[in-house]
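Inspection log for the structure reproduced underneath, given as structure tokens.
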Amino acid sequence: MDETNNKDSVTTRRKFIAILVGFMASVNALALGVPFIRTLVSASGGRREEAWTRVGELGSFPAGEPMEARFATLTVEAYQHKSVLNSAWVVKKSDTEVTVFSPICTHLGCHYAWNVETGHFECPCHASVFAPDGSVLSGPAPRPLDTLPVKTENGVLFVRWERFRTGSPNKIIV
Amino acid sequence: MLRSIGQWLDQRWPFSSLTRLTLEEEIPGGARFAYTLGSGTLIVFLLQAVTGIMQLFFYVPATDYAYDSISFLRTKVPFGWLIHGLHYWGANLMVVLVVLHICRVFLWGAYKRPRELTWLGGTALFLTVMAFSFTGGPLHWDQRGYWAGEVGTSIAGTAPVVGDLMKRILRGGEEMGPLTLSRFFVVHTAILPPALISLFLFHIIAMRRFGSVGPWTEAKREPKGPFWPDQVFKDAITGTAVFLLLVGLAAYLPPSYSGPADPLDTSYVPKPEWNFLFLYQALKYFQGALEPVGTMGVPAVLVLLLVLLPFIDRNPERNPFRRPVAVFCAFVLAAVITWLTIAGYRSKGFAQPGVKAKPQTSLVTRHGKDYIDIVLSVLTPETARAAEVPSALEKGAAPGAEDPDIKKMSGPPGIAAYSIGNAERGAALFRKHCSQCHGPEGVNKNPNPGSNDGKIPDLNPIDREIYSDNPDVFASHIDHFIQHGSVPEGANPVIRMPAFGDTNTLTQPQVSNIEAYILHLNGIDRAKIMNPGMRPRSFFGLLAAAYGLAALWIGGLWRRKRL
């Protein structure tokens, strides 16, 4: 420290130290604050690899008429691994042409149902109506029904359970 | 504008006078680094509070999920490794700092009249920190924490008269279980923190009543130095050094995964945390009828010694060189505790009389345990080698062998697939249960006539279809085989893989450990951080670089170069 200008050096020294303390406090606060906010805000979870789930024998689904299928999916929610019952609408045109729709309405995530009389999928929440091919006939739904990945092996139908963002005009996997 | 808001606030709440009250203190002889140990402890406590609360966002105090929720935090939450690492190392460092602080206060004679209450408050704080340490470990519900809790509560159980009651209160029942975890959790997160904060306020107010004690030689007590900014500056430097040290430890020495708690694993040598090792070691010298002396007497005497110190040692002299008896006694005590700690650390451990393995999973009843013994006897190396001839092995140990589905991987993975095992324990288990067929370290040359491959599958390197660089996927692939066994494809394979999980030959934590080992053999860390936020070492490097540059700048090196 420069001792020649005593009165000034005392005050600048105080200020200097205060700045240093402030610097250390801010760097440490940043070093904790930024990661911890990231912890709470960013998505957690590892790489997900959804497995194929067996839905049923292809022959057991009626041709032409949509049918709701229930199947247990092994799901991973954070640290919980458990079997969860999911459903999907299976629309079989022929034994080679099968579409499986996610049971979740693309508007706000309600579960829609098949109306036998009208031959449409109808959502009870906001009256969206979908054709058997999934396209929107009326109502607020922003996009057609979401299809799930499908494969058949030895006459057995498998789907991969996926969820998509609701309310968006594009099909975005979540 | 800001000024007027400040004035408005200050008229209604005494912000500035409170700040002045906190910061305006004259320290005899000026600021010193020796005085930063107390504030260093406070800084670590604040860090523990913040990281503890962060952990509460993810941790589940239930035996099924405690271990996996912490593993999830550490590997799949951005900066989870930092949060857990800081909390783990902070807990250890806090004990170190508290002990150093006590030594400093002792040497300076700061416990003497009129500062007895400061010392007593400090003693209570020390015991609170030890209680934090004791209740924190078992919350992991991993092998280390589970057994430390088991031993600790058993020790409480040896106390005369009230021992059983104390043990039952601590455990919430006769045995370690879900209620024990809840109790430790509540004490650790709801009872001890407010206790520590109250005691800290008591301690700091008592301290400020008479101020810093200052140097013991009268000549050095002048001139006085201000607390702000001089002492605060030194506190900040110590605090920052401590923080950097903790981040470095979290990055370079992450706490090890000791594997999920396995109450059936009798081969695990339970030991308490290092800061309780001296008590644990002292216990060994009091056996039989003298046992309560070791379990209760020794800690009681130590606590009493701390509490009564200011009343026993009433000599007003503070210079350590002029109070040889007190300093000598303290030195002997410190030496004994250090020696006991080292001896305890190096010892092989001993069977605690109250400790016995208790079946935890519903699968393993008393019958189950007998069954395990039978299966284990079937699987001893001699009989297993004889399995080249079709033997009782597959009939006895693989009930699903007739099921054609078992040829493929069948059934879902067991719970073991999702828990991070301890590869070292896994190696020992592998040698015992797997290497007869799969070869040492999974390198195999054993034939398997009748199977299409003609030999037992290699585990090192493993089939590419089973391998994955995602440890969860890799482990769940292996898990199918260990849980349910398998029959190799082929006309009539002689050797079949027994269903180690389905038959309870191995417990689920043991399966996790073996999986961690097989992943390790194939170059995959079971505890790989999948979602780090930022790589631990990069984060530490960045922080260190920020301080390094700041130090260079403050040190004026660049300016000197210019001259």
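What to note about this one:
- Evaluation of B:A491 against (1) more than 14 Å from chain A (Cβ to nearest Cβ); (2) out of contact with any Gly (no Cβ under 7 Å at 6 or more places or on another chain) (one fails), failing number: (2)
Here is a yes/no grid of residues against (1) more than 27 Å from A:A51 (Cβ to Cβ); (2) in contact with a Gly (Cβ under 6 Å, 6 or more places away or on another chain); (3) aliphatic (A, V, I, L, M):
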residue	(1), (2), (3)
A:T118	yes, no, no
A:V136	yes, no, yes
A:D146	no, no, no
A:E153	no, no, no
A:F158	no, no, no
A:F164	no, no, no
A:I172	no, no, yes
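- Candidate set: the stretch B:513-535, residues that are among the small types (G, A, S) and within 13 Å of another protein chain (Cβ to nearest Cβ); chosen: the one nearest to the chain's Cα centre (by Cα): B:A527
- Matching residues in the stretch B:24-47 - criterion: being free of Cβ contacts under 8 Å to residues at least 60 places away in the same chain and open to solvent by less than 20 Å² (accessible area, probe 1.4 Å): none
- The stretch A:18-70, subset within 19 Å of the chain's Cα centre (by Cα) and more than 10 Å from every other protein chain (Cβ to nearest Cβ), residue most open to solvent (accessible area, probe 1.4 Å): A:W52
- Restricting the stretch B:413-428 to residues that are within 24 Å of B:F72 (Cβ to Cβ) and part of a helix (DSSP H, G or I), the residue that is farthest from the other protein chains (Cβ to nearest Cβ): B:E424
- Residue check: B:M497 meets all listed conditions (1) among the aliphatic types (A, V, I, L, M); (2) under 20 Å from B:V443 (Cβ atoms); (3) within 35 Å of the chain's Cα centre (by Cα) but one, namely (3).
- So B:E441, is it open to solvent by 40 Å² or more (accessible area, probe 1.4 Å) and not assigned by TED's automatic domain parsing to the domain that holds B:S258: yes
- Number of the exception - B:S538 against (1) over 30 Å from A:G22 (Cα atoms); (2) open to solvent by 20 Å² or more (accessible area, probe 1.4 Å); (3) polar (S, T, N, Q); (4) within 14 Å of chain A (Cβ to nearest Cβ): (1)
- Options A:V84, A:V136; residue that is open to solvent by 40 Å² or more (accessible area, probe 1.4 Å), within 14 Å of chain B (Cβ to nearest Cβ) and among the aliphatic types (A, V, I, L, M): A:V84
- Odd one out for B:L245 among (1) within 14 Å of another protein chain (Cβ to nearest Cβ); (2) buried (at least 16 other Cβ atoms within 10 Å of the Cβ): (2)
- Pairs where the first residue, in the stretch A:13-40, is outside the structural domain of A:A78 (by TED's automatic domain parsing) and the second is in a helix (DSSP H, G or I) and open to solvent by 80 Å² or more (accessible area, probe 1.4 Å), C-beta under 9 Å, 6+ apart: A:A31/B:L542
- Whichever residue in the stretch B:258-281 is aliphatic (A, V, I, L, M) and open to solvent by 10 Å² or more (accessible area, probe 1.4 Å) and, among such residues, is nearest to B:R74 (Cα to Cα): B:A261
- Subset tally (residues that are open to solvent by less than 60 Å² (accessible area, probe 1.4 Å) and either closer than 17 Å to B:Y252 by Cα or away from chain A (no Cβ under 11 Å) (or both)) for the stretch B:541-556: 7
- Residue within the stretch A:92-113 that is at positive phi, within 14 Å of chain B (Cβ to nearest Cβ) and small (G, A, S) present: no
- Residue count, the stretch B:51-100 (criterion: surrounded by 21 or more Cβ atoms within 10 Å (Cβ to Cβ), over 17 Å from the mean Cα position of the chain (by Cα) and either outside the structural domain of B:S39 (by TED's automatic domain parsing) or charged (D, E, K, R) (or both)): 1
- Flag if B:L549 is under 30 Å from B:L244 (Cβ atoms) and not β-branched (V, I, T): yes
- Output for the stretch B:200-249, where each listed residue is under 27 Å from A:K15 (Cα atoms), part of a helix (DSSP H, G or I) and charged (D, E, K, R): B:R208, B:K220, B:R221, B:D230, B:K234, B:D235
Condition check ((1) within 21 Å of the chain's Cα centre (by Cα); (2) closer than 22 Å to B:L73 by Cα; (3) part of a helix (DSSP H, G or I)) across all residues:
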{"residue": "B:G152", "(1), (2), (3)": "yes, no, yes"}
{"residue": "B:A156", "(1), (2), (3)": "yes, no, yes"}
{"residue": "B:A159", "(1), (2), (3)": "no, no, no"}
{"residue": "B:L165", "(1), (2), (3)": "no, no, yes"}
{"residue": "B:L181", "(1), (2), (3)": "yes, yes, yes"}
{"residue": "B:I191", "(1), (2), (3)": "yes, no, yes"}
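- The residue that is farthest from B:G214 (Cα to Cα), among those in the stretch B:109-123 that are of a type in the set (A, V, I, L, M, F, W, C) and open to solvent by 30 Å² or more (accessible area, probe 1.4 Å), is B:L120.
- Close Cβ contacts (under 6 Å, 6 or more residues apart or on different chains) running from residues in the stretch B:214-232 that are assigned by TED's automatic domain parsing to the domain that holds B:W108 and on the phi > 0 side of the Ramachandran plot to residues that are open to solvent by 50 Å² or more (accessible area, probe 1.4 Å) and part of a helix (DSSP H, G or I) comprise B:G214/B:R221.
- Residue in the stretch B:317-325 that is open to solvent by less than 80 Å² (accessible area, probe 1.4 Å) and β-branched (V, I, T) present: no
The values are calculated or read from the model by the stated rules, or taken from the named source; none is laboratory data. These numbers were taken from a predicted model, which means no experiment stands behind them. FYI the Cβ positions are ideal-geometry reconstructions off the backbone, even for glycines, and counts take in every protein chain you see. Ligands, DNA and RNA are stripped out before the accessible areas are found, and what is left, the full protein with its side chains, is counted by its heavy atoms. Shrake-Rupley method; radii C 1.70, N 1.55, O 1.52, S 1.80 Å.
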